[in-house]
Amino acid sequence: MPLDTSEIECFHRQGVVRLHKLHPRACLSSARAKIAGELSRLGVSPDGKRRGISLQGLTPFQQIAKLGSLVKVDLHEILCTSDVLAAARSVSGREPRAEQGTQLLLSPARQGKWSLDGLSWHVDISSQPTSRETRVQAFHLVDDVQAQGGATLALARSHRMAPLELQRLRAAIRESRDVRAALRDFDIELVEMAGQAGDVYLMDMRVLHTPSVNSTSKIRMMATTRFGMRT
């Protein structure tokens, strides 16, 4: 189903919108089973208490990259559904084309204390607000993701900032002892992509975003699909 007007307006205003239960929970059980099988093969328990692979000495973000590269599961056909494509079409006004399939995002449990300090804020395309093409990235919740459970973080409205203002925001985040206060100074809202299995977040790819630390006792299971747009 295409998105309604309020969801489309939220996407363009905020740069990110949450779509509740876009994937039926039942269809994700097979995806979780495939991931669990791979984790078992690697010696990683769902609660993170036992690790058969070495993640020691890696930053939380390097752990995400390594674990994602070792788990050999292709979820593209399960997650890149007609509903997701229709939602991406609604916010972009163009026909979406998935680029490089769908990437699995796994965060080991108990990575450390949750914090906004030292995160890897970035954009995936040019942040110029005058760009004619709206590029969309979907973040799929394969399983329930708790607050402070490793969900991707996004800075709502950052896609509308002029380049110099965006540079100032980056510097403020990097140098501030209170990141939340710095965000308020710029009228920027922090969006944590937590929620229930089946939820999908659509994000304008010009939005500043970052992986976060998983401080919970449960592995974070998400996936992401980037869309180019056919003319």
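Mind counting the residues in the range 177-189 that are over 24 Å from the mean Cα position of the chain (by Cα) and outside any helix (DSSP H, G or I)?
Within the range 177-189, the first condition is being over 24 Å from the mean Cα position of the chain (by Cα), and the residues that meet it are 177, 185.
From the residues that got through so far, the ones that are outside any helix (DSSP H, G or I) too are 177.
Residues that pass the stated criteria total 1.
How many residues are surrounded by fewer than 20 Cβ atoms within 10 Å (Cβ to Cβ), hydroxyl-bearing (Ser, Thr, Tyr) and closer than 22 Å to ALA197 by Cα when one looks only at the range 103-121?
Residues of the range 103-121 that are surrounded by fewer than 20 Cβ atoms within 10 Å (Cβ to Cβ), as a first pass: 103, 110, 112-121.
After this cut, where a residue has to be hydroxyl-bearing (Ser, Thr, Tyr) as well, the list is 115, 120.
Within this subset, residues satisfying the condition of being closer than 22 Å to ALA197 by Cα are none.
Here the count works out to 0.
Kindly indicate whether ASP47 is surrounded by fewer than 16 Cβ atoms within 10 Å (Cβ to Cβ), at pLDDT below 80 and of a type in the set (D, E, K, R). Step through it out loud before you land on a result.
On the way: surrounded by fewer than 16 Cβ atoms within 10 Å (Cβ to Cβ): yes; at pLDDT below 80: yes; of a type in the set (D, E, K, R): yes.
Here the answer is yes, as ASP47 does meet what is asked.
Residue by residue through the range 52-75, note down the ones that are of a type in the set (Val, Ile, Thr) and modelled with pLDDT under 85.
Those that are of a type in the set (Val, Ile, Thr) and modelled with pLDDT under 85: ILE53, THR59.
Restricting the range 191-209 to residues that are in a strand (DSSP E or B) and in contact (Cβ under 8 Å) with a residue 60 or more places away in the chain leaves a set whose member that is farthest from ASP74 (Cα to Cα) is VAL191.
Can you find, within the range 210-231, the residue that is modelled with the lowest pLDDT among those that are out of contact with any Gly (no Cβ under 9 Å at 6 or more places or on another chain), part of a strand (DSSP E or B) and over 15 Å from ARG18 (Cα atoms)?
We begin by selecting, within the range 210-231, every residue out of contact with any Gly (no Cβ under 9 Å at 6 or more places or on another chain); these are 210, 221, 223-224, 226-228, 230-231.
Still in the list and also part of a strand (DSSP E or B): 210, 221, 223-224, 226-228, 230.
Remaining after also requiring over 15 Å from ARG18 (Cα atoms): 210, 221, 226-228, 230.
Numbers: THR210: 95, MET221: 96, ARG226: 95, PHE227: 94, GLY228: 82, ARG230: 62.
Among those that are out of contact with any Gly (no Cβ under 9 Å at 6 or more places or on another chain), part of a strand (DSSP E or B) and over 15 Å from ARG18 (Cα atoms), it is ARG230.
For the range 143-168: of the residues being more than 30 Å from ALA109 (Cα to Cα) and without any contact (Cβ under 8 Å) to a residue 60 or more places away in the chain, which is surrounded by the fewest Cβ atoms within 10 Å (Cβ to Cβ)? Going through the qualifying residues, I end up with LEU164. Touching a residue at least 40 places away in the same chain (Cβ under 8 Å), aliphatic (A, V, I, L, M) and under 14 Å from THR225 (Cβ atoms) - does that describe any residue in the range 5-12? No, the range 5-12 contains no residue that is touching a residue at least 40 places away in the same chain (Cβ under 8 Å), aliphatic (A, V, I, L, M) and under 14 Å from THR225 (Cβ atoms).
Residue under question is LEU164, and the condition is that it be over 14 Å from the mean Cα position of the chain (by Cα), over 17 Å from GLY118 (Cα atoms) and either part of a helix (DSSP H, G or I) or of a type in the set (S, T, N, Q) (or both); does it hold? So LEU164 passes the test.
At least 1 residues being without any contact (Cβ under 8 Å) to a residue 12 or more places away in the chain and farther than 30 Å from ARG170 by Cβ is the threshold, and among the helices (runs of 4 or more DSSP H) wholly inside the range 27-121 those reaching it are 76-79, 82-92.
Restricting attention to the range 192-214, the residues being small (Gly, Ala, Ser) and either surrounded by fewer than 21 Cβ atoms within 10 Å (Cβ to Cβ) or farther than 19 Å from SER120 by Cβ (or both) number 3.
Out of ARG18, ARG110, I need the residue that is basic (Lys, Arg), closer than 22 Å to MET205 by Cα and touching a strand residue (DSSP E or B) at 6+ places or on another chain (Cβ under 8 Å). Which one?
Working: ARG110 fails: closer than 22 Å to MET205 by Cα.
It is ARG18.
From LEU155, LEU119, grab the single residue that is at pLDDT below 95 and among the aliphatic types (A, V, I, L, M). Unique residue meeting the criteria: LEU119. From the list SER29, SER69, SER6, the one residue that fits, being within 19 Å of the chain's Cα centre (by Cα), surrounded by fewer than 18 Cβ atoms within 10 Å (Cβ to Cβ) and over 12 Å from LEU202 (Cβ atoms), is SER69.
The values are calculated or read from the model by the stated rules, or taken from the named source; none is laboratory data. Bear in mind the structure is a predicted one, so any value in this text is a computation, not a measurement. Here the Cβ is made from the backbone with ideal geometry for all residues, glycine too, and neighbour counts use every protein chain on show.
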